[in-house]
Amino acid sequence: MTLQMLFIGGNGTISSAVSRLAVERGIDLTLLNRGSSAPVAGTTHLTGDADDPSSIRSAVGDREFDVVVNFRSFLPAQVEADVELFAGRAGQYVYISSASAYQKPVARLPITESTPLRNPYWEYSRNKIASEDVLVAAYRSGGFPMTIVRPSHTYAPNSIPFDGGWTIVDRMRRGKPIVVPGDGTSLWVLTHHDDFARAFLELLGNPQAVGDSFHITSDEVLTWNDIARTLAHAAGVEADIVHVASETIGAALPNWGPGLVGDKSNSVIFDNSKIKAIAPGWRATIPFWRGARQIIDWYDADDSRRTVNAELDATLDGLTGR
């Protein structure tokens, strides 16, 4: 039987890989988004705004689905609206949370799905935790068929894993220093979106996943120094790294601060036993050195992709002292 699925989103860093693979596997896939990105071939499209529950309700109409995945939900009020809308109309509802919701600082490694959820530093993470609480309560009280998935830092060929995007690579190529938080030795995990997609699809339509939570990450552990040097090598240069305290970076770049202090400056290692048990044979197979080459190739393929933020560039000059 062909599964009928609805993805709210479907064109993002994570969801684009999942959408493509779902179509390849013969899933009857409908994407609901604003239609501002190129459509994914082989899918049905509904136009709606994921930030507006009434827009989602209008776009969905009276349709029913075997699986609904919301890639674009960030507030508990959005989840409450989804529970009301899809109760009795979805065989499974999958919520994309975040591994940043795990306890920060982390008291014990590796991180498992039972690691406490608490992040006093980042509002984004606290909203994800509150959204999870809505789903857990709905499952316990009424059997709402939810599944929670917590990606960590998942990237695609068009997403550079440093705040600042192409400006960081451009500085490397101009021989200018880049900022790495702390002493650069905190441990981090990057996951290619194609690896994520292969594991994620094993959860969809799977009754063993209902009522449960999973994270999906690579088992490759890198320091931020490693990440910077690997990206620079792919760009054909050497990285000139200046180490700056996360709090100092956050003071100069307030948009970066919560994500650094509440996530990226903390060492993380993940135990992926749970997803591997439900997706036998799965493991992440794309190491970052290969992913870094894909990133540079994607940006180098089109001049218009290589945009530099002059204001950020100047701020980084100030932070590095040169």
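Of the residues making up segment 127-183, those that are in a loop (DSSP other than H, G, I, E, B) and not hydrophobic (A, V, I, L, M, F, W, C) number 16. Looking at segment 144-151, is at least one residue touching a Ser or Thr at 6+ places or on another chain (Cβ under 7 Å), buried (at least 18 other Cβ atoms within 10 Å of the Cβ) and among the β-branched types (V, I, T)? Yes, that holds for at least one residue. Among the conditions (1) polar (S, T, N, Q); (2) touching a residue at least 24 places away in the same chain (Cβ under 8 Å); (3) surrounded by fewer than 21 Cβ atoms within 10 Å (Cβ to Cβ), the only one that S19 does not satisfy is (3).
Of the strands (runs of 3 or more DSSP E) entirely within segment 33-123, none holds at least 2 residues that are of a type in the set (D, E) and surrounded by 20 or more Cβ atoms within 10 Å (Cβ to Cβ). Looking across segment 184-193, just one residue is surrounded by 21 or more Cβ atoms within 10 Å (Cβ to Cβ) and in a loop (DSSP other than H, G, I, E, B), and that is V189. Would it be correct to say that S55 is of a type in the set (S, T, Y) and either at pLDDT 95 or above or under 17 Å from the mean Cα position of the chain (by Cα) (or both)? No: the conditions fail for S55. Within the set T307, T248, T315, the sole residue that is among the β-branched types (V, I, T) and part of a loop (DSSP other than H, G, I, E, B) turns out to be T307.
For G12, are the conditions met, namely being assigned to a loop (DSSP other than H, G, I, E, B) and closer than 25 Å to I129 by Cα? Here the answer is yes, as G12 does meet what is asked. Checked against (1) crowded, with 16+ Cβ neighbours inside 10 Å; (2) in contact with a helix residue (DSSP H, G or I) (Cβ under 9 Å, 6 or more places away or on another chain); (3) assigned to a helix (DSSP H, G or I), W282 meets all criteria but (3). The residues in segment 212-225 that are assigned to a helix (DSSP H, G or I) and polar (S, T, N, Q) can be counted, and the count is 1. Scanning segment 199-211 for residues that are touching a helix residue (DSSP H, G or I) at 6+ places or on another chain (Cβ under 7 Å) and part of a helix (DSSP H, G or I) returns A199, F200, L201, E202, L203, Q208, A209. Note down all Cβ pairs under 8 Å where the first residue falls in segment 69-80 and is small (G, A, S), the second is part of a helix (DSSP H, G or I), and they're at least six residues apart or on different chains. Listed pairs, sorted by first residue: S73/V79; S73/D82; S73/S131; A77/P53.
Show the residue pairs that are 6+ apart or on different chains and have beta-carbon atoms under 6 Å apart, the first residue being within segment 30-55 and more than 16 Å from D82 (Cα to Cα), the second being of a type in the set (G, A, S) and in a loop (DSSP other than H, G, I, E, B). What qualifies is T47/G35. In segment 31-75, which residues are farther than 25 Å from G211 by Cα, of a type in the set (S, T, N, Q) and touching an Asp or Glu at 6+ places or on another chain (Cβ under 7 Å)? Answer for segment 31-75, where residues must be farther than 25 Å from G211 by Cα, of a type in the set (S, T, N, Q) and touching an Asp or Glu at 6+ places or on another chain (Cβ under 7 Å): just S55. When A277 is tested against (1) surrounded by fewer than 17 Cβ atoms within 10 Å (Cβ to Cβ); (2) more than 21 Å from the chain's Cα centre (by Cα); (3) under 23 Å from D170 (Cβ atoms), exactly one condition is not met: (3). Considering (1) under 18 Å from the mean Cα position of the chain (by Cα); (2) of a type in the set (G, A, S); (3) within 25 Å of G262 (Cβ to Cβ), the lone condition that A197 does not fulfil carries the number (3).
The values are calculated or read from the model by the stated rules, or taken from the named source; none is laboratory data. In this text, all values refer to a predicted model and were calculated from it rather than measured experimentally. FYI the Cβ positions are ideal-geometry reconstructions off the backbone, even for glycines, and counts take in every protein chain you see.
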